[in-house]
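One structure is given below, encoded as structure tokens.
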Amino acid sequence: MIPKYNKEKLRNAVLYIAKNGGNDVGKKKLAKILYFIDFTLYELRKKSLTEIAYTKQDFGPMPKPKLFYNALSVLQKEGDIEMEKPNHFNLEKINAKKEANMNVFSPEEIEQIKNITEKYRLSNAGELEKIAQSEPPYKMVEYEEEIPYHLAFYRNSFGEMDLKDENSDT
């Protein structure tokens with residue numbers, strides 16, 4: 001069975017993040033920002049942006065590696081992105097060769113894409129790795145296991161898991 005995901009939304013999210021995610025967007029940073037966007041949107045509305053499957057890897061959650069690297073390869077072959085040669089730290093940089101088509105996203109999706117990309121723009125991949133590894137969805141599965149989207153609710157980003165104290169003034 002071929003894993004399904006929204007290719008248009010993934011393509012345009014990659015283009016947007018590559019252009020607006022700072023001057024150090026490589027595969028690892030891209031994977032983490034996509035994870036934050038997908039799991040935040042799932043937490044908000046029970047539907048992720050890309051619908052791509054994520055797995056627990058050594059460097060944090062990321063889209064299934066074979067699927068992710070294949071998708072990036074297709075974007076490169078189609079002229080959407082360019083992979084800069086590895087620098088002295090042996091890190092590649094992803095450059096957007098086209099503008100993202102934001103019309104494929106809903107207003108809510110655009111808001112989260114922009115907010116999350118801006119929030120982590122100045123963070124490096126290692127910092128994002130540590131943040132993602134500290135989240136419940138990553139901690140709740142075994143190495144290389146798929147991370148179910150419903151675990152996004154354990155992140156409690158919006159207080160949906162908070163217990164309300166009936167006797168409290170707050």
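Quick notes
- Whether a residue is touching a residue at least 60 places away in the same chain (Cβ under 8 Å) and farther than 21 Å from residue 140 by Cβ was assessed, and residue 72 does not pass this test.
- In summary, residue 76 fulfils each of the numbered conditions (1) open to solvent by less than 70 Å² (accessible area, probe 1.4 Å); (2) modelled with pLDDT of 95 or more with the single exception of condition (1).
- Criterion (under 15 Å from residue 102 (Cα atoms) and open to solvent by less than 50 Å² (accessible area, probe 1.4 Å)) met by exactly one of 13, 31, 53: 13
- Evaluating residue 134 against the criteria (1) in contact (Cβ under 8 Å) with a residue 40 or more places away in the chain; (2) open to solvent by 40 Å² or more (accessible area, probe 1.4 Å); (3) under 18 Å from the mean Cα position of the chain (by Cα) leaves one unmet condition, (1).
- Residue match in region 80-87 (condition: outside any helix (DSSP H, G or I), of a type in the set (S, T, N, Q), open to solvent by less than 30 Å² (accessible area, probe 1.4 Å) and free of Cβ contacts under 8 Å to residues at least 60 places away in the same chain): no
- Residue check, residue 124 surrounded by 13 or more Cβ atoms within 10 Å (Cβ to Cβ), under 18 Å from the mean Cα position of the chain (by Cα) and more than 16 Å from residue 12 (Cβ to Cβ): yes
- The single condition among (1) part of a helix (DSSP H, G or I); (2) in contact (Cβ under 8 Å) with a residue 24 or more places away in the chain that residue 48 does not satisfy is (1).
- Restricted to region 140-170, and to residues there that are at pLDDT 70 or above and of a type in the set (A, V, I, L, M, F, W, C), the residue that is surrounded by the fewest Cβ atoms within 10 Å (Cβ to Cβ) is 158.
- Subset of region 93-120 [open to solvent by less than 70 Å² (accessible area, probe 1.4 Å), in contact (Cβ under 8 Å) with a residue 40 or more places away in the chain and assigned to a loop (DSSP other than H, G, I, E, B)]: 100, 101, 105, 120
- Residue 46 meets each of the listed conditions (1) more than 16 Å from residue 106 (Cα to Cα); (2) open to solvent by 50 Å² or more (accessible area, probe 1.4 Å); (3) of a type outside the set (Asp, Glu) apart from (1).
- Residues of region 130-162 satisfying the condition of being part of a helix (DSSP H, G or I) and over 25 Å from residue 6 (Cβ atoms): 130, 133, 139
The values are calculated or read from the model by the stated rules, or taken from the named source; none is laboratory data. Since this is a predicted model, take the numbers as computed values, not measurements. Please note: Cβ atoms are built from the backbone with ideal geometry, for glycine as well, and neighbour counts cover all protein chains shown. Just the protein is used for accessible areas: all its heavy atoms, side chains included, with ligands, DNA and RNA removed. Shrake-Rupley method; radii C 1.70, N 1.55, O 1.52, S 1.80 Å.
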